[in-house]
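Have a look at the structure below before the remarks.
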Amino acid sequence: MTVHTYLEEEIFYPAAREAAPEEKDRVLERVEEHHGMVWQLSELQGLDPADKTFDAKATVLIENVRHHVEKEEDEWFPGGPQGDGPQVPAGARAGNARPPRGRA
Ligand SMILES: [Fe+2]
């Protein structure tokens with residue numbers, strides 16, 4: 001999740017915003033989803049699986065990840081059901097990107 005978030009926020013979404021400035025609201029929504037999921041994941045990592053809230057938190061995280069993936073596939077990848085996402089330039093590829101130390 002952290003690598004996904006890092007690559008998209010450092011490479012993909014800046015390129016998408018440059019290629020299609022009119023998509024800034026959708027980009028901001030996806031970035032906010034990242035923040036929520038990373039926060040939820042950090043809570044789970046420090047929580048005992050026997051805790052009464054663990055299953056509920058895990059279920060909501062899974063639902064949020066599925067929603068996020070569906071939106072990104074629909075909006076940004078060619079052939080998605082909505083098919084109206086902008087084409088992101090080749091420079092947005094993650095080829096040489098490396099997350100900073102401590103992020104995995
Ligand atoms: Fe994402």
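The values are calculated or read from the model by the stated rules, or taken from the named source; none is laboratory data. The structure displayed is predicted, hence computed values, not measured ones. Cβ: placed from backbone, ideal geometry, glycine included. Neighbour counts: every protein chain shown. All accessible areas refer to the heavy atoms of the entire protein, side chains included, with ligands and DNA or RNA removed. Shrake-Rupley method; radii C 1.70, N 1.55, O 1.52, S 1.80 Å.
Within region 25-60, the set of residues being among the aliphatic types (A, V, I, L, M) and more than 14 Å from the ligand (Cβ to nearest atom) comprises Leu44, Leu47, Ala50, Ala56, Ala58, Val60.
Annotation: Phe12 fulfils all but one of (1) open to solvent by 50 Å² or more (accessible area, probe 1.4 Å); (2) at pLDDT 65 or above; the unmet one is (1).
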